[in-house]
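Notes to accompany the following structure.
Please treat every number below as a calculation from the coordinates, not as lab data. Quick caveat, the model's predicted, so the values are computed rather than measured. In this analysis, Cβ positions are derived from the backbone assuming ideal geometry, glycine residues included, and neighbour counts consider all displayed protein chains.
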Amino acid sequence: MKTAKKIFLLAILQVLCLSIISCSKAENGNYQTEKIPVDLENYPGKKALATFAGGCFWCIEAPFEGIDGVLAVVSGYSGGKEKNPTYEDVASGKTSHREAVQVTFDPDVISYSEILDIFWQQFDPTDDGGSFYDRGFQYTSAVFFHDKTQKEVAENSIQKLDKAGIFEKPIVTPVLKFSNFYPAEEYHQDYYQKNPSEYYAYRKGSGRDAFIAKHWPDKSQEKYQKPSDADLKKNLTTLQYNVTMHEETERAFDNAYNGNKEEGIYVCIVSGAPLFSSHDKYESYSGWPSFTKPIDARLLEKPIDTAYGMTRVEVRSKLGESHVGHVFNDGPNPTNLRYCMNSAAMKFINKKDMEAEGYGDWLWVLED
């Protein structure tokens, strides 16, 4: 580790007097589960890569851990001409590499668009001189695209975020063609688990957590709580309760939102957590409301469902601990996914009512 960073971290620890924080809970309500290694070589499903730079790779790696569909996350170095760079060389600015993270994911479970949405919420993409405490080219951000679709998705997402006014200044993160990736030394991998007190102190002391909290909506379990079972039975209809708590399915073409064309967001009927945007809704002719992607993949769980003699990917509201529907790989571009949801598992909030109902911070998702 760079000497300056060592001194900085020690100072933070002394000033903040931080105790060890559980690595199951991350910043801004992002909850991480314990990492379970995946045998990538023998993984039976599809595999794709996403490569990003956003400053300190510890802080970009951790948010992707524990997300269903993400198979592996590796910290490393990318984009430079030097072969097999070391941490000391990259961190000191002696190479043309950036600190980066490479995500291996199953595109039948989670799309590149969802991965990219999470990435944008981890750093300051308007800073062209480094990232928070870390300064220099090696800590600047970048999206390294692996194919034409990734390039288009990344460029479109930048346009959308700039138009939404999430940040005070324009995004300067470049979208670059992927050339190489070198894994970092082993002690850098899963740093948030190996050294939690140092990791969380670094996040807080560098200003990263404060920046994220200022610019992005609260997604915490404290904000979107699941009511007691008694309250659910009291406040939900029989259909809503059976769909969310007992994984039943409502009738096709005979539900509230299949034909809904109004602008707004769809939230979990149990917890109130935002799940889908009308801008990602499309007509799938399946009889159920269908979406190309969720608002934030971290608010969902996607376990394998083997009921009725089929193997499907279930979609559950993470904070509501409730069934919402299933996701299939027959959707349109650019995600190729169809999130087939039960209307009974959601509540629609019209755009004109979002501010009054406490969802004003989510209006940005309705930008074109």
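Summary table below
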| item | result |
| --- | --- |
| Cα-based shape type of segment 160-294, given that a ≥ b ≥ c are square roots of the gyration tensor eigenvalues and the cut on a/c is 1.5 | prolate |
| Extension reserve of the Asn333-Ser92 stretch, reckoned as 0.36 nm per residue once the Cα distance is removed | 82.6 nm |
| Net lengthening on full extension, Glu263/Phe137 (0.36 nm per residue, minus Cα-Cα) | 41.2 nm |
| Residues in segment 323-343 reached by a label modelled at Asp108 [backbone nitrogen below 14 Å; 7 Å Cα→Cβ] | 327-331, 337-338 |
| FRET efficiency, 1/(1 + (r/R0)^6) with R0 30 Å, evaluated for Lys169 and Glu355 via beta carbons | 0.75 |
| 5 angstrom amide H check on Ser322, placed H, neighbours 5+ away | Ser317 |
| 20 Å cut-off, amide nitrogen to a point 7 angstrom out along Lys83 Cα→Cβ, residues in segment 160-185 | 178-185 |
| Average Cα contact separation per residue, the chain, under 8 Å, 6 or more apart, as relative contact order % | 17 |
| Relative contact order (%) - criterion: Cα under 8 Å, at least six apart; region: segment 274-357 | 24 |
| Alpha carbon convex hull of segment 233-368, volume per residue in cubic angstrom | 110 |
| Rounded, prolate or oblate (a/c below 1.5 giving rounded, otherwise prolate when a/b exceeds b/c) for segment 29-146 by Cα gyration tensor | prolate |
| Long-range HN-HN contacts of Phe328 with modeled amide H, under 5 Å | Arg338, Tyr339, Cys340 |
| Rounded to whole Hz, the Karplus (6.51, -1.76, 1.60) HN-Hα couplings of segment 131-142, x for glycine and proline | 8, 6, 5, 7, 10, x, 3, 4, 10, 7, 8, 6 |
| Spread of Cα-to-Cα distances over 10 Å intervals beginning at zero, given as percent, for the chain | 5, 23, 33, 24, 11, 3, 0 |
| Peptides 233-242, 39-48 ordered by average Cβ neighbours within 10 Å, highest first | 233-242, 39-48 |
| Theoretical FRET efficiency, 1/(1+(r/R0)^6), r = Cβ-Cβ of Met310 and Glu185, R0 51 Å, to 0.05 | 0.70 |
| Tensor-based shape of segment 270-319 (alpha-carbon gyration tensor, a/c under 1.5 rounded, otherwise prolate or oblate) | oblate |
| Pair Ala213, Leu363: separation of 7 Å Cα→Cβ label points (nm) | 2.4 |
